[in-house]
Amino acid sequence: MFVDFHLHSHHTDGVDVDLDAMLGRAAEAGLDGVCITDRATTAHAPELIRAGAAAGVEVFVGLELLTDHGVLLGFAPAIDSFYLREEWR
């Protein structure tokens, strides 16, 4: 399985990307999946997963947190109510 593990969607401040176009490019590139690691939010996970299913690309949802020592990436094993928070800090 080929997966890009660090992409941002329009849910990250300063990112202006069309989600459907991004997922289409991932499919064209031969990726089986992508992990969208938006900054400090996972509340939009269901939207991302639905868009991936429509594009034929599996979407995994992660999280990017900025720390005093750099960037911390977290990856959710499963999406449940815990991960549907509006904001992480």
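Since every read-out is calculated from the coordinates, none of them should be taken as a lab result. Computed from a predicted structure; not experimentally measured. Virtual Cβ from ideal backbone geometry, glycine too; neighbours counted across all protein chains shown.
Some notes on this structure:
- Backbone HN-Hα couplings from phi across the stretch 41-51 [Karplus 6.51/-1.76/1.60, Hz, Gly and Pro as x]: 8, 10, 5, 8, 3, x, 4, 5, 5, 4, 5
- Derived scalar couplings between HN and Hα for the stretch 7-18 equal 10, 10, 9, 5, 7, 9, 3, x, 9, 10, 10, 7 Hz in order, rounded to whole Hz, by the Karplus curve 6.51 cos²θ - 1.76 cosθ + 1.60 (θ = phi - 60°), x for Gly and Pro.
- Take every Cα pair under 8 Å whose residues are at least 6 apart in sequence, average their separation, divide by the length of the stretch 1-86, and the relative contact order is 28 percent.
- Relative to the dominant Cα principal axis of the chain, helix 19-28 is inclined by about 50°.
- Vicinal HN-Hα couplings computed from phi for the stretch 29-35 (Karplus, 6.51 cos²θ - 1.76 cosθ + 1.60; Hz; Gly/Pro x): 7, x, 6, 7, x, 9, 10
- Listed values (i) 1.08; (ii) 1.03; (iii) 1.40, entry calculated as Cα Rg over 2.2 N^0.38 Å: (ii)
- Between residue 85 and residue 31, the simple spin-label model (points 7 angstrom out along Cα→Cβ) gives 2.5 nm.
- By the helix-only formula, in which each DSSP H run with n ≥ 4 contributes -39500 (n - 2.57) and the sum is divided by residues, the chain has a 222 nm mean residue ellipticity of -7000 deg cm²/dmol.
- Close amide-amide hydrogen proximity is noted between residue 35 and 4, 5, 6, 7, 60, each under 5 Å apart and 5 or more residues distant or on a separate chain (H modeled in the peptide plane; Pro and chain starts excluded).
- Segment residue 13-residue 66, length gained on full extension (0.36 nm per residue, minus Cα span): 17.8 nm
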